[in-house]
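Here the structure comes first, spelled out in structure tokens, and everything after it is commentary.
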Amino acid sequence: MKSLNVLNKTWRVGDARDLTDQQLKSAAEADLYDSYDQTYVIDKLKWKIAGRMANPDGSTLYTLVAVKEAADD
């Protein structure tokens, strides 16, 4: 499981984080996306997209919420 370069290193179920569309694309290209339950496996947690916000420059900022431990399968 890959870790993204962020300040918070103690993520827990229920926490939220913001990622750019480019970061999500990179995560998917690194096989961190689980298409079965539509989550991203990052920092030993499964993250689900909870919302998105379009920026004036055309990029999108996604809010992800940790829904469960990645080892719970």
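What follows is calculated from the coordinates using simple rules that are stated; it is not laboratory data. Owing to the predicted nature of the structure, the values given are computational and were not obtained by experimental measurement. Glycine gets a Cβ as well: all are built from the backbone with ideal geometry, and neighbour counts include every protein chain shown.
Taking the stretch 13-22 as the range and being surrounded by fewer than 17 Cβ atoms within 10 Å (Cβ to Cβ) and over 13 Å from Ala70 (Cβ atoms) as the test, the residues that pass are Gly14, Asp15, Ala16, Asp18, Thr20, Asp21, Gln22. Residues in the stretch 42-73 that are out of contact with any strand residue (DSSP E or B) (no Cβ under 6 Å at 6 or more places or on another chain), of a type outside the set (D, E, K, R) and closer than 18 Å to Asp15 by Cβ were compared, and the one that is surrounded by the fewest Cβ atoms within 10 Å (Cβ to Cβ) is Ala71.
Total residues in the stretch 32-68 satisfying the condition of being touching a Lys or Arg at 6+ places or on another chain (Cβ under 9 Å), charged (D, E, K, R) and in a loop (DSSP other than H, G, I, E, B): the figure is 2. If you go through the stretch 31-41 and pick out every residue that is surrounded by 12 or more Cβ atoms within 10 Å (Cβ to Cβ) and either out of contact with any strand residue (DSSP E or B) (no Cβ under 8 Å at 6 or more places or on another chain) or hydroxyl-bearing (Ser, Thr, Tyr) (or both), you end up with 3.
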